[in-house]
Structures are given as C-alpha cells and as structure tokens.
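What follows is a short report on a single structure.
The values are calculated or read from the model by the stated rules, or taken from the named source; none is laboratory data. Keep in mind the model is a prediction, meaning the values are calculated, not measured. In this analysis, Cβ positions are derived from the backbone assuming ideal geometry, glycine residues included, and neighbour counts consider all displayed protein chains. Ligands, DNA and RNA are excluded from the accessible area calculation, which covers all protein heavy atoms including side chains. Shrake-Rupley method; radii C 1.70, N 1.55, O 1.52, S 1.80 Å.
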Amino acid sequence: MKTKIFGQMAAALSVVALAATAQAQDIKFGYNGDLSASPSAQSGQAAVLGMEAAIEDINKAGGVLGKKLTLVVRDDTSAPPKSIQNMSDLIDNEKVSVVFGPTNSGNAMAWKHIPNQKKVPVIGNVGSGTDITKPMAAGVDNYMFRVSMVDRDQVAALMAYVKKNPATKNVGLMAETTGYGQGGLKDMQEIAAVQGIKPVATEFFAVGDTDMTSQLNKMKAAGVDTVVIWAQGTPIAQVIRSMEKINYFPLTFSSWAADNITFYDAAGKALADKPIFMRTVSESKTPDQQKLFDRIGSKLKAPSAFSFAIHGYDSVLVAAAAIKQAGSTDGAAVRAALEDLKEPVKGVLKTYEKPFTKTQHEALTAKDFVWIRWKDGQLLPYTDDVIKGLVASDFKM
C-alpha cells in the first residue's frame, strides 16, 4: 500500500516538475510603461492589448524556437523611479528576453542605460521622444529600438509645412515642461533653425495647467499666426480651450498626442478639429487592421488608441523574427539580428523589410506617417494645397 502511495506521489511530483520546466522554457517578453496615471496611459494599455494579440497568434502557430511566448507587464505609473525599478525587475528577476515600452518618453531616458549595460534589447512601441534610440556613446552597441512614431520626424514634417505655407508669417512654439515636451521643443527649435524659421515667441506650461491664456496673449501680442505645440493630449486641449477664452485661433499644429481621446474629451467636439497633427493610421483601415480592430477594439478605452495596439502587435512580430533568426534569446545575438533582419516581417501597419541597421533603430519614419485632423469625433486624413506640394527634400532635419 505504501509503495502505491509513494508511486502516486512521485508521479504527481513529476507532473509538477515537468510543468515548471515547461514554464521555465517559455520566452518572456516584458512591458514597462504607464497603464494608469498620465494622460497617455490608455496608449500603453492599447500597446499591451496589441502585444497580447500577437503573442497569442505566434503561440498558435507554434511559438518561437519551439517555445511559447509569455508577457510580463509592469505599470510604471508615469514615474521615472518606478520605471527604473520595473526595468531592473524585468531583466534581473523575470529574465525577460526583450522589453517593450515605455509609454512616456522621459522614463526611457531615465533607464535606457540599464538595458544597454545588461545587453537586453528594448523595442519601444509608444513613447516617441527622439533621443530614446540614440546610442549611449559613439560607436557602442545600442540596444534601444522602436516601432512607433518619432518626434523629430513629425517635427520635420510640421516645420516643412510651416516653411512652405504662404499664409504663415510669424511662428510661435509651445511645450509642456515634462521630458516629453522639452525633448519635442529641442527638436522644434533645431529643425526651425535648419529650415530658416525664426520663432517670434516660445512659451511653456505644466502638464496639469488648465489656463494658458497668459502665454497665448503673449503669442497674440507678438503677432503669431501659426503655433506648434508639443505636449500630451489633455494639455494640448487646455491650450485650445484657452484660445477660445481670448478668441485667438492661430493655425495650430501639435504632436500626435492630440489623437488621444483625453484630448478630444477635454477639448470638446467644437474645438477638437483645431490642431493638425500626424499619426501612423487613420479611420481608413486596411483589411488586416480592421481584422485586428474587430478582435480587440471593444477592449480599447477609445478607438483613437488603436494605432498603439498596431505598434504593439508589430513590435512583437519584429522581436520574434529576430529571436528566430538569432536561434537564441541571447541579448547580443538578438540585437545583431534586429540590425540585419534577413526576412521581411509582415505586420499590420506595413511589411518591415530590414527595418533597422547598425546605426538606424527606427522602424517607422516620416514616409509612414499620415496627416490627421479630428472631424465629427473621427480621426480622418487631412490634406490641403500645402501638403500636396510637399516633397521629400522639404523634410529637413
């Protein structure tokens, strides 16, 4: 009788051991970004939904290197110290092979030294700060990649419009005081200089400010007829609402954060169509995009966040392709594979053919962006005579 009991116990322990071994063999991906705190949190939520969908599809097809993918998610609540802690936890304790995120660009700048030191690739799929993917020093291996918008490319397009618009005489710049806003301001000032544009006013505001009439009155006094704003969704809306208070509506361009439903809700339908901006998709979806939207759209906080779900989905496909090519989850091998992908990766946004090189870590550039404006609650493509007249040589950086 004892022999039988011991046999049953041994069998049970064997099953547990096999399950633990199988779990240990999973390839772990990590997401580190804001999912709850800032105006951009819904963007992080959407990216995670897209990542989960891609992981599900890859696992159904047999996984990668014969192993399943799993996702470990950490909410950094938009706080740099928390984001740094999460990064160390994902790499040192969870042993993830690739990290995705963050939601907020400033947090990436706070911890990008960690994955570079520990040789773990990061693929950003939300944060668009220009400096995120720059190497830590000249000539060193760079573990920061991105499948998302890039601020500098957006700014180059917006400034090209400003330069070629015959109605623009005086330009003003506005930016929130976060890392995201100040990074965008740096791009705006540098590219304005390249384009020969001399802003007549530059104003700042905090991410939580609700009245920017003081800054706008200075713009108005300076004769600003065109303003470019770099901020998150809600503060952009507060700028627009402040314009209404003083009945001053210059031609307005903004960062792509104006696509966020927090912008639309704060601005209201009557004012939401004021800024012109760029993003990677519009309401005119391709069949593949519609298929993904039908699958996860009900889980999105707002349809406008769908672009981040696409970035999340495609970033996972690109990472999986690199691991497959490397034949390993070794960080250095995966980085090298990302920089020289041999096979095209068919994503939902586009097919990625050699999206990265040793010195270029951006999978999306200005040619992948579309001009957008809100109209009747939808993010619709926007064009006019100036946009129609823009050519590649106009996008100076």
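Brief remarks on what is shown
- Cβ-based charge dipole, segment 160-251, positive-most Cα from Thr234, Asn217, Phe205: Asn217
- Label separation (Gln85 vs Lys354): 4.4 nm, computed from points 7 Å beyond Cα along the C-beta direction.
- Surrounding net charge for Ala237, when Lys and Arg each add one and Asp and Glu each subtract one, Cβ distance under 14 Å: -3
- Shape call, segment 271-397: gyration tensor on alpha carbons, a/c limit 1.5: oblate
- Rounded to the nearest 500, the 222 nm mean residue ellipticity of the chain from helices alone is -13000 deg cm²/dmol, with -39,500 (n - 2.57) taken per DSSP H run of at least 4 residues.
- Set of lysines near Lys269 by C-alpha distance (under 22 Å), chain-local residues within fewer than 8 positions excluded: Lys245, Lys301, Lys375
- For Ile276, residues with placed amide H under 5 Å, excluding near neighbours: Thr252, Phe253, Ser254
- Projecting the Cα atoms of Trp256, Ser284, Val348 onto the dipole axis of the chain, where Lys and Arg carry +1 and Asp and Glu carry -1 at the beta carbon, places Val348 farthest toward the positive end.
- Fraction of accessible area attributable to carbon and sulfur, the chain (%, probe 1.4 Å): 54 percent
- Cα-centre dipole for segment 253-377 with unit charges at Cβ (Lys and Arg positive, Asp and Glu negative), debye to 20: 140 debye
- Point-charge dipole on Cβ atoms (K/R +1, D/E -1) for segment 296-367, about Cα centre, debye to 20: 220 debye
- Dipole magnitude of the chain, debye to nearest 20 (Cβ charges: Lys/Arg +1, Asp/Glu -1, about Cα centre): 520 debye
- Accessible area (Å², per residue) of the chain, counting only protein heavy atoms and a probe of 1.4 Å: 42 Å²
- Reach of Lys342 by Cα under 26 Å, taken over lysines that are not fewer than 8 positions away in the same chain: Lys28, Lys60, Lys67, Lys68, Lys118, Lys119, Lys134, Lys324, Lys350, Lys354, Lys358, Lys367
- The loop-placed trypsin sites (Lys or Arg not before Pro) in segment 157-216, going by DSSP, that have at most 14 neighbouring Cβ atoms within 10 Å of their Cβ come out as Lys169.
- Given their separation in residues at 0.36 nm each and the Cα-Cα distance between them, Asp330 and Asp384 gain 14.6 nm when the chain is fully extended.
- Mean separation of Cα contacts under 8 Å, 6 or more apart, over the residue count of segment 212-313: relative contact order %: 25 percent
- Pair Ala37, Asp57: separation of 7 Å Cα→Cβ label points (nm): 3.2 nm
- Antiparallel bridges, percent of DSSP beta bridges restricted to the chain (to nearest 5): 25 percent
- Distance from segment 63-108 to segment 204-256 (C-alpha centre basis), Å: 35 Å
- Shape category assigned to segment 298-339 from the gyration tensor of Cα positions, a/c cut at 1.5: prolate
- Charged neighbours of Leu317, selected by a Cβ distance under 14 Å, balance to -3 (K, R count +1; D, E count -1).
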